[in-house]
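The values are calculated or read from the model by the stated rules, or taken from the named source; none is laboratory data. From a predicted model like this one, the values you see are computed outputs, not experimental measurements. In this analysis, Cβ positions are derived from the backbone assuming ideal geometry, glycine residues included, and neighbour counts consider all displayed protein chains. We work out accessible area using only protein heavy atoms, side chains counted, and drop any ligands, DNA or RNA first. Shrake-Rupley method; radii C 1.70, N 1.55, O 1.52, S 1.80 Å.
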Amino acid sequence: MTDALTAHEETPPPPPPAAIEFEGEFGKNPLAEAGFFTMGSRLPAVLGATVRMAWAVDRAAVLLLVLCQILTGAAAAVLLAFTAEAMAHLLAAAPVSARLHGALPALIVLALAAGTGRISTALASYASSRITPRLMTEADVALVAATCRVEAAAYSEDGFSDRQEAAEIGTVRTATMVDDAQRLMAAVVRMVAAGGVITVLHWMMLPVLLLAVLPAGTGAILRARVDYETHYLNIGDRNVRGMMRWWATLPRHGDEVRANGMTGYLLYWYRALSERIDQRTLGSAPRRLRIDLTAGALGGIFLMGTWATLAWLAATGRVPLPVAATALVAVQTALAALSQVVIQGAAMFHTSLYLADMRAFLTMATERAPARGALTIPEEVHEIRLDDVVYRYPGKEQPAVDGVSLRLQRGEILAVVGENGSGKSTLTKLITGILLADKGRVLWDGTDLARADVDAVWKRTALVPQNFATWPLRVRENITLGQPKTWDDDLVWKAVDAVGMRDTIEELPNRLDSLLARELYGGVELSGGQWQRLVCARALYRQTPLLILDEPTSQMDARGEHQIFLEIKRLAAACMTIVVTHQLENTRLADRIIVMEHGRVIEDGTYDDLLHAGGLFAELVALAKDR
Ligand SMILES: Nc1ncnc2c1ncn2[C@@H]1O[C@H](COP(=O)(O)OP(=O)(O)OP(=O)(O)O)[C@@H](O)[C@H]1O
């Protein structure tokens, strides 16, 4: 056996995607313990909620919809009542012309009722099409707004993004909600009209009819439950699959995928995940089939009973022949309407399950929205103080920041260094109030961030994060982030100059108006370092009392880096600056350096102090030089 063969045989196969299983409150399907009647009794509440949401977006359309439903019902009742009238004349023992003449008024009313029914159906559909797009937009915007507004700590909670994924399906389902509700109401109205006429014809017909459609209704609700159960089991996998699809197909990551030979693995992984989702869906097919067969068989038997009852009533003379003929039409109408009631009722019930997920997420997000207080922050901040601050991410055992005390004065540049995972970025998030300390306090000129209005705090901060967004916006908006300070572009160009980007931007086809997204038609793309310069320009443009730069120059050339640090020094007097960096040479510009390890500050001093102290900083500097 050759070495190559042995090596090949020993290569492990790619592992399948990890199965995600929820624990705690999300581990249990909300329907798991809901009985049939609990499920059925949801319908009025769902209808009520739909009407309230629709009312909020277009009152006129809701009123039109309701009016049309009433008209449709009235038309159906008139149709049936006058069918009986027309039948009585048409089946009478008289010459044909006399019969037709007698039936004419009823036939005219029938034509008018049929016309009214059709017009109101068309108008109802128009009203529903006016409501639906806006309802979807409202639900979608509410979801995006709620997600953007939660405390950042919520993103680290287990199950948060899966709940968000579930809520997204709810938004999509909003599209069918009004149509489902409208069809359900139309069917109910028609059923009441036909049922009323049938009851008048003979009381026995109604219960027999109800029996005929009951199995279909029960079956539809049980089937919706099975579908939702499968959907619930698949949420986690679908969420991961969505993320994988995004990362795998995004042109920005195409080089990494190709040059690392990952395409085959990604496709295997994507397919494996899709097949696992399919397996769960297929696994529920036999249950669905059993439900359908049972409901179909029972429905068929009961339907035969209905026709037999009608035949028996007519044969035994309990109802006269014209009435029996009308009953025939009424039974057909009522049956169709009843079937629609159960089908649309089940559809609404099904939709309600997803909408409940959407509402649950919105409630969850609202509970996690900042509720800190209304203290404001003055335009100029002179001091930021941290008193014994501790922060632990949800689900983590060790704190990421563990008892840090610190004082930062206006005009000071502070450098934060330390090995990966030592808590540097978390510290900056605590200083800016993105995260709130579990213990201890962060005070801006004496104001505790835990009691300050978040917008007031973030108006005073500018942050260049490690992982920044490359917004598909024009250059100008990428710098101002849609918050212009003046009517002209002077300040924008000033920020561009501060990061040495003027030449690059002047060469773009539309200068500040160039769209920075190669994926979009007419868009242009910047290099990694150019993007990083732009993100620094974005922070400098804000002119805030606190400037935080987390690894701001990691992708920049020497000229860019030099330019940025010159600018930081030039601006330093007017603000507090924090630079997080692994390029230890860059910390020379800082007035003070703190060194972090396991969430604690273990060294604090100037570059020269720390270099001669012989601690971690000195060791890291020596390592950087040892090439
Ligand atoms: N969103 C998060 N959820 C859970 N744990 C997190 C989260 N972000 C960071 N951590 C953990 O907190 C600790 C500190 O992370 P932090 O990002 O603050 O380190 P850092 O010093 O900035 O690291 P680096 O030099 O790699 O940027 C790490 O153990 C990390 O795994």
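Results, tabulated for the structure shown:
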| item | result |
| --- | --- |
| Total residues in the stretch 518-533, condition open to solvent by less than 60 Å² (accessible area, probe 1.4 Å) and either touching a strand residue (DSSP E or B) at 6+ places or on another chain (Cβ under 6 Å) or farther than 11 Å from N478 by Cα (or both) | 10 |
| Any hit, the stretch 345-356, residues being farther than 30 Å from V454 by Cα and of a type in the set (V, I, T) | yes |
| Number of the exception - D550 against (1) more than 30 Å from W444 (Cα to Cα); (2) touching a Pro at 6+ places or on another chain (Cβ under 6 Å) | (1) |
| Filter result for T581 (touching a residue at least 60 places away in the same chain (Cβ under 8 Å), among the polar types (S, T, N, Q) and within 14 Å of the ligand (Cβ to nearest atom)) | yes |
| Complete set of residues in the stretch 458-493 that are within 16 Å of the ligand (Cβ to nearest atom), part of a loop (DSSP other than H, G, I, E, B) and open to solvent by 60 Å² or more (accessible area, probe 1.4 Å) | Q466, N467 |
| Of the criteria (1) in a helix (DSSP H, G or I); (2) within 16 Å of the ligand (Cβ to nearest atom); (3) open to solvent by 20 Å² or more (accessible area, probe 1.4 Å), which one R190 fails | (2) |
| Residue list for the stretch 139-163, filter: modelled with pLDDT of 85 or more, within 16 Å of the ligand (Cβ to nearest atom) and either under 14 Å from T363 (Cα atoms) or crowded, with 20+ Cβ neighbours inside 10 Å (or both) | T147, V150, E151, A154 |
| Elements of type strands (runs of 3 or more DSSP E) contained in the stretch 336-440, each with 2 or more residues being more than 16 Å from the ligand (Cβ to nearest atom) | 383-391, 401-409 |
